Amino acid sequence: MDAERLAGRKALITGGAQGMGAAIAKHWAAQGAAVCVADINEDGVAAVAQEIRDAGGQATHFKLDVTNEEQAEAAVAHVVNEFGEINLLLNNAGVNKPTMFPDTPKDNYDFIMNVNAWGKFNVMRAVSKQMIAQGKRDYPYKIINVGSIASRMSFDDIIPYSMAKHAVLALIRGGAKALAPHGITVNGYGPGVV
């Protein structure tokens, strides 16, 4: 592994307490990035950040509810305070709570849409505002939004989740057009079940 591949990158990783977010945080740190691991599960992100530091990487953590505007702005400010700037976002936080249609209650729909669609929009907006304020660099800023294969194929028990992941596709496409003039690339990927 190239320990310098991501040298100079200062990253915010949402949904970093476990799963893909934690694995990517560790991998990026091992490649030289300074990472802020953020999640609503503070104990989880504190443990991931400590594991990265114990392995010789640079990491901090932040308790973040991605649906909260003030917390998203505070997470960005934390990264800037710790690392001097933010130039990389893994917008990974997401939830699912399968229920069979048409028996899906509104609170289930609202919860899934709020975290998966609004939460990604909210964090990407806060990060991109900071990136724009920092000015263009010799290298592009990077925003990576984690979608899902469920945005392309839906199932009867995860319709709100699939709808939210369709929204992530729109955020990627629209965000890429809006932010390209500022030297910010917006991409995403859609994994299967992890």
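Points worth noting:
- In this structure the amide hydrogen of G188, modeled in the peptide plane, comes within under 5 Å of the amide hydrogens of N145, none closer than 5 places in sequence on its chain.
- Dipole of segment 70-189 computed with +1 at Lys/Arg Cβ and -1 at Asp/Glu Cβ about the Cα centre; of G147, A180, L169, farthest Cα towards the positive end is A180.
- Distances between placed amide hydrogens fall under 5 Å for H61 paired with V37, all partners being 5 or more residues away or on another chain.
- Nearest-20 debye value, segment 97-194 charge dipole, Cβ charges on Lys, Arg, Asp, Glu: 600
- Estimated from helices alone, the mean residue ellipticity of the chain at 222 nm is -14000 deg cm²/dmol (sum of -39500 (n - 2.57) over DSSP H runs with n ≥ 4, per residue).
- Rounded tilt (10° steps) of 42-54 against the dominant C-alpha axis of the chain: 40
- The angle between the Cα long axis of helix 19-30 and the longest principal axis of the Cα atoms of the chain comes to about 10 degrees, rounded to the nearest 10.
- Solvent exposure, largest accessible area first (probe 1.4 Å, DNA, RNA and ligands not counted), of D138, D39: D138, D39
- Expressed as a whole percent, the accessible area of segment 154-194 that falls on carbon and sulfur atoms is 65 (1.4 Å probe).
- Charge dipole (segment 40-102, unit charges on Cβ, about Cα centre) - positive-most of A74, V95, V48: V95
- Dipole magnitude for the chain: about 800 debye, using +1 per Lys or Arg Cβ and -1 per Asp or Glu Cβ, origin at the Cα centre.
- At R0 = 25 Å, FRET efficiency that the Cβ-Cβ distance of A23 and Q50 yields, to 0.05: 0.95
- Hits among lysines - C-alpha to C-alpha of K129 under 29 Å, sequence gap 8 or more where chains match: K10, K26, K63, K120, K142, K165, K177
- Sites R5 and S154, calculated FRET efficiency, Cβ-Cβ separation with R0 35 Å, nearest 0.05: 0.45
- Cα-based Rg of the chain normalised by 2.2 N^0.38 Å, two decimals: 1.00
- Antiparallel %, DSSP beta bridges [both residues in the chain], to 5: 0
- The equivalent ellipsoid of segment 1-111 has semi-axes of 29, 15, 11 Å, largest first, where each one is the square root of 5 times an eigenvalue of the Cα gyration tensor.
- Computed from Cα positions, the angle between helix 69-83 and the longest principal axis of the chain comes to roughly 20 degrees.
- Label-zone membership for segment 116-133, site Q58, 7 angstrom Cα→C-beta point, backbone N under 18 Å: 131
- Residues in segment 105-141 reached by a label modelled at T185 [backbone nitrogen below 15 Å; 7 Å Cα→Cβ]: 137-141
- Net dipole in debye of segment 110-162 [+1 Lys, Arg Cβ; -1 Asp, Glu Cβ; about Cα centre; nearest 20]: 460
- Pair V194, K136: separation of 7 Å Cα→Cβ label points (nm): 3.3
- Max mean-square fluctuation residue, GNM over the chain, Cα-Cα springs under 10 Å, options K165, K136, K63: K136
The values are calculated or read from the model by the stated rules, or taken from the named source; none is laboratory data. Model, not experiment: these values are computed from the prediction. Glycine also receives a Cβ, built like all others from the backbone with ideal geometry; neighbour counts cover every protein chain displayed. Please note that ligands, DNA and RNA were not included when accessible areas were found on the heavy atoms of the full protein model with its side chains. Shrake-Rupley method; radii C 1.70, N 1.55, O 1.52, S 1.80 Å.
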